[in-house]
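First up is the structure itself, then whatever we jot down about it.
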Amino acid sequence: AVETISGPVLILAGPGSGKTRVITHRIAYLLRVCGVKPSHIMAVTFTNKAAREMKERLERLVSFAVKDLTLGTFHAICARILRRDGKVIGIDPGFVIYDSDDQTSLLKRSLKELNLDPKQYAPSALGTAISAAKSQLLSPNDYYQRGRSYFDEITARVYEHYQQRLKESNALDFDDLLMKTVLLFRQHPDVLEKYQSRYTHLLVDEFQDTNQVQYELIK
């Protein structure tokens, strides 16, 4: 797994069996033996803790190259891409990122402005539905078209209003970071090609946990 570098490689192994060790040693092999430039390697993780652990291991193996590797979570890497190239889809590079508390506050505000009762339509339930829609790359209009219930119709209305308020605040939520990066690549092949030509090796920790938008991004 460390030395097979032509074509895709998928590693299936149980917890604690050394998958992260394989990834870090594979990166070291690419750098030291294959002569791949650090700037051509991207390693993606699901959590900040996993990213820190991988970085610490690489510091011990190939400290000379770590600063030039692209290493981080899906969200952190997508945020960097959007700050650099998101202008072409209307994203200001100075955008702020809303955390879960910010999202809940904005959902409550959206319900109030739409004259909807938060006791009848729980912000947490609406937030979960909107997050699921974004993970499936569905816009508010897409969600409305697919809706099968009155709750779906309400969710679509709140989703649209919520997105308008995010835009007015120059903000993105965590799901936007991934969804809008995929949309950027879909709508601007020149931007996609820039990243495709830069990253010749893409390593994904816990690949089996990818959702639709994460898989689309990797693909």
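Just a few scattered comments:
- For percent of Cα pairs over 22 Å apart, calculated from these coordinates, the label among (1) 57; (2) 73; (3) 48: (1)
- Within the accessible area of the chain, the carbon and sulfur atoms contribute 49%, probe 1.4 Å, all protein chains present.
- Extension gain from ASP209 to SER131, taking 0.36 nm per residue of separation minus the Cα-Cα distance: 26.5 nm
- Model label sites at ASP68 and LEU202, defined 7 Å from Cα along the beta-carbon direction, differ in position by 2.2 nm.
- Spin-label pair GLU153/ARG165, simplified geometry with 7 Å Cα→Cβ offset, distance in nm: 2.2
- Highest GNM mean-square fluctuation among PRO38, PRO15, PRO140, for the chain modelled with Cα contacts below 10 Å: PRO15.
- Since only ILE5, VAL44, LEU106 are under comparison, the one whose Cα sits farthest along the positive direction of the charge dipole of the range 1-137, derived from C-beta charges on Lys, Arg, Asp and Glu, is ILE5.
- Efficiency of FRET from Cβ geometry, SER6 and GLN145, R₀ 35 Å, rounded to 0.05: 0.25
- Helix 74-85 vs. the chain, principal-axis angle (Cα, 0 to 90°, nearest 10): 80
- Loop-resident chymotrypsin sites (Phe, Trp or Tyr not before Pro) (DSSP state other than H, G, I, E or B) in the range 59-119 with no more than 16 further Cβ atoms inside 10 Å of their Cβ: PHE64.
- Rolling a 1.4 Å probe over the heavy atoms of the protein chains gives the chain an accessible area of 56 Å² per residue.
- Computed helical MRE - 222 nm, the chain, DSSP H runs ≥ 4 contributing -39500 (n - 2.57), nearest 500: -18000 deg cm²/dmol
The values are calculated or read from the model by the stated rules, or taken from the named source; none is laboratory data. Treat the numbers as computed from the prediction; the structure is a model and nothing was measured. Using ideal geometry, Cβ is built from the backbone for each residue, glycine included, and neighbour counts are taken over all protein chains shown. Quick note on the areas: whole protein, heavy atoms, side chains included, nothing else; ligands and nucleic acids left out. Shrake-Rupley method; radii C 1.70, N 1.55, O 1.52, S 1.80 Å.
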